[in-house]
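K.L.:
Pasting a structure here, questions to come.
The values are calculated or read from the model by the stated rules, or taken from the named source; none is laboratory data. Model, not experiment: these values are computed from the prediction. Here Cβ is always computed from backbone atoms with ideal geometry, including for glycine, and neighbour counts include all displayed protein chains.
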Amino acid sequence: MEPEQSEPNAEQVQGAEAATEQQDAGTQTDPAALLAAAEDQAQENWDLYLRASAELENMRRRAERDLAQALRYGPERLVRELLPALDGLSLALAEHAAADDPARAGLEMIERQFMQALANVGVETLDPTGAAFDPELHEAISIQETADAAPDTILMVVQRGFVLNERLIRPARVVVARAPEASA
């Protein structure tokens, strides 16, 4: 004898339909919805790629700029440390002012070599005698009244200034001309 099969009741039918809807919702078999989700994900990944690529390019440019700056201005600290020695050499030359002094020839040779070594790394000397006073390049240590020079021109350089690749290392210390005061 065969077991009697009863027809499913309304509760069983509704439960089976609900389970089927949950499965369909979980897997999204609708091709348009799947395509839209994939396009959204692709756009998000593209945006992430573009940001990462731009950041990498910025880092590369920053590293190149930093390297160029280091090569261009790297000797600055050494130059600053050597300038007092050059100043001492200049004072020694002033002490041995006589042309027949045997020490003078040696000191002049050393100074020429020193200045050539500085020039090789991009250091230039500021010797602004007769030029207009520029507070960005010169430091006025004295003002002298004179009718022989135009006002605000440099009469004498007390200490040479130096520039490394267009960056001021030390301003030239100078005496600046001023027009004489009118007598009353």
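K.L.:
Is it the case that the range 119-128 has a residue that's more than 32 Å from the chain's Cα centre (by Cα) and of a type in the set (A, V, I, L, M)?
P.N.:
Taking every residue of the range 119-128 in turn, none turns out to be more than 32 Å from the chain's Cα centre (by Cα) and of a type in the set (A, V, I, L, M).
K.L.:
Right, next: For A172, indicate whether it is in contact with a Pro (Cβ under 7 Å, 6 or more places away or on another chain) and in contact (Cβ under 8 Å) with a residue 40 or more places away in the chain.
P.N.:
Yes; evaluated as a whole, the condition is true for this residue.
K.L.:
Give me the pairs: first residue in the range 74-89 and aliphatic (A, V, I, L, M), second residue modelled with pLDDT of 90 or more and part of a helix (DSSP H, G or I), beta-carbon distance under 7 Å, and six or more apart or on different chains, which are they?
P.N.:
Between residues of the range 74-89 that are aliphatic (A, V, I, L, M) and residues that are modelled with pLDDT of 90 or more and part of a helix (DSSP H, G or I), the close pairs are V79/L118; L86/F114; L89/I110; L89/E111; L89/F114.
K.L.:
Select from the range 144-184 the residues that are part of a strand (DSSP E or B) and basic (K, R) and write down the one among them that is nearest to D134 (Cα to Cα).
P.N.:
R173
K.L.:
Considering only the range 132-156, state which residues are among the hydrophobic types (A, V, I, L, M, F, W, C) and touching a Leu at 6+ places or on another chain (Cβ under 9 Å).
P.N.:
L137, A149
K.L.:
Among (1) assigned by TED's automatic domain parsing to the domain that holds T125; (2) surrounded by 10 or more Cβ atoms within 10 Å (Cβ to Cβ), there is one condition E81 misses while meeting the rest; what is its number?
P.N.:
(2)
K.L.:
Tell me whether the range 14-33 contains one or more residues that are of a type in the set (V, I, T) and at pLDDT 60 or above.
P.N.:
yes
K.L.:
Determine which member of the set I154, I143, I110 is closer than 21 Å to L82 by Cα and surrounded by 13 or more Cβ atoms within 10 Å (Cβ to Cβ).
P.N.:
Every option except I110 fails the conditions.
K.L.:
Next question. Can you tell which of A63, A140, A94 is in a helix (DSSP H, G or I), closer than 19 Å to Q159 by Cα and either of a type in the set (A, V, I, L, M) or not assigned by TED's automatic domain parsing to the domain that holds N165 (or both)?
P.N.:
Result of the check over A63, A140, A94: A94.
K.L.:
Could you please give the count of residues in the range 132-184 that are under 34 Å from the mean Cα position of the chain (by Cα), at negative phi and polar (S, T, N, Q)?
P.N.:
Residues meeting the conditions: 2.
K.L.:
Going by what's in this entry, would L89 be described as touching an Asp or Glu at 6+ places or on another chain (Cβ under 6 Å) and surrounded by 12 or more Cβ atoms within 10 Å (Cβ to Cβ)?
P.N.:
Against the criterion (touching an Asp or Glu at 6+ places or on another chain (Cβ under 6 Å) and surrounded by 12 or more Cβ atoms within 10 Å (Cβ to Cβ)), L89 qualifies.
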